[in-house]
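Undergrad: Structure incoming, see below.
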Amino acid sequence: MKFVLASHNQGKIQEVRDIWEPLGIEIEPMPEDFPEIDENGGSFAENALIKARAVSQALGMPAVADDSGLEVDALDGFPGIHSARWAGPDASAADRNQLLLERMLTIPEGQRGAQFVCVAACVFPDGAEMAVRGQCRGAILTEERGRGGFGYDPIFCVPEYSCTFGELAPDVKNSISHRARAFTALGSALLARMEEKGD
């Protein structure tokens, strides 16, 4: 089974490959010259489906996409669906992390709860669609720790491991992360669909 992943993010592409390889599901990234997709939905699910629909319709192949972000309790769920863009178009991951840490300077240790959320969606050329949600609870630290992962990983601490996503080994992160949970569930749903249709 082969699906196009609606992303140019190399970290995300590798994560999804690692999650789906044991399931026997193959992905390829969308073409490098694929035009920018306007993610104008009001939720993670809407944005994931917008991306998957655009790629599936353009290429005539089953396409998968996700929209994910960080929701901080003390900031009423901010940055949420704006996680990748709220700090400006030219901001790096390190810039976003630093700005978020500055916003949280006055938040005490016991009130720094947060969750990573991911909605993974699949759209088929015949119009069939599915979407599933995964999340992982943790807390925001006061400084970056670890060089692994990408995005907000170095400031998101997972209590049961007492370390950040940036410090976790990739195989451990890929077993507990929001993206792992969403794509594992989506992969299982896709396998069930293929079995049902006899593909």
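Undergrad: Just give me the residues in segment 1-59 being over 25 Å from GLU71 (Cα atoms), open to solvent by less than 30 Å² (accessible area, probe 1.4 Å), at pLDDT 95 or above and assigned to a helix (DSSP H, G or I), in sequence order.
TA: VAL55, SER56
Undergrad: Going through ARG145, ARG112 one at a time, which residue ends up being among the charged types (D, E, K, R), farther than 26 Å from ALA185 by Cβ and in contact with a Leu (Cβ under 9 Å, 6 or more places away or on another chain)?
TA: It is ARG112.
Undergrad: Suppose the filter is crowded, with 21+ Cβ neighbours inside 10 Å, on the phi < 0 side of the Ramachandran plot and either out of contact with any helix residue (DSSP H, G or I) (no Cβ under 6 Å at 6 or more places or on another chain) or of a type in the set (A, V, I, L, M) (or both); does ALA84 pass it?
TA: No.
Undergrad: Within the group ALA180, ALA131, which residue is outside any strand (DSSP E or B) and either more than 18 Å from ALA63 (Cα to Cα) or in contact (Cβ under 8 Å) with a residue 24 or more places away in the chain (or both)?
TA: Only one candidate qualifies: ALA180.
Undergrad: Is it true that some residue in segment 105-121 is free of Cβ contacts under 8 Å to residues at least 40 places away in the same chain, acidic (Asp, Glu) and assigned to a loop (DSSP other than H, G, I, E, B)?
TA: Among the residues of segment 105-121, not one is free of Cβ contacts under 8 Å to residues at least 40 places away in the same chain, acidic (Asp, Glu) and assigned to a loop (DSSP other than H, G, I, E, B), which makes the answer no.
Undergrad: Return the pair list, or none, for Cβ contacts closer than 7 Å from residues in segment 7-31 that are under 22 Å from ALA169 (Cα atoms) to residues that are of a type in the set (Ser, Thr, Tyr) and open to solvent by less than 30 Å² (accessible area, probe 1.4 Å), at least 6 apart or on different chains.
TA: ILE13/SER7
Undergrad: Can we say GLN111 is within 15 Å of GLY138 (Cβ to Cβ), out of contact with any Cys (no Cβ under 6 Å at 6 or more places or on another chain) and surrounded by fewer than 19 Cβ atoms within 10 Å (Cβ to Cβ)?
TA: yes
Undergrad: So, one more: Across segment 67-96, what is the total count of residues that are in a strand (DSSP E or B) and under 22 Å from ILE13 (Cβ atoms)? Break it down stepwise before answering.
TA: The first filter runs over segment 67-96 and keeps only residues in a strand (DSSP E or B), leaving 67-72, 79.
Subset that is under 22 Å from ILE13 (Cβ atoms): 67-70.
Residues meeting the conditions: 4.
Undergrad: Related question: Tell me which residues, restricted to segment 153-177, are open to solvent by less than 10 Å² (accessible area, probe 1.4 Å), among the hydrophobic types (A, V, I, L, M, F, W, C) and part of a loop (DSSP other than H, G, I, E, B).
TA: Matches in segment 153-177: PHE165 only.
Undergrad: Which condition number does LEU99 fail, the rest of (1) assigned to a helix (DSSP H, G or I); (2) open to solvent by less than 20 Å² (accessible area, probe 1.4 Å) being met?
TA: Failed condition: (2).
The values are calculated or read from the model by the stated rules, or taken from the named source; none is laboratory data. Nothing here was measured: the structure is a model prediction, and the numbers come from that model. In this analysis, Cβ positions are derived from the backbone assuming ideal geometry, glycine residues included, and neighbour counts consider all displayed protein chains. These accessible areas exclude ligands, DNA and RNA; they are computed on the full protein's heavy atoms, side chains included. Shrake-Rupley method; radii C 1.70, N 1.55, O 1.52, S 1.80 Å.
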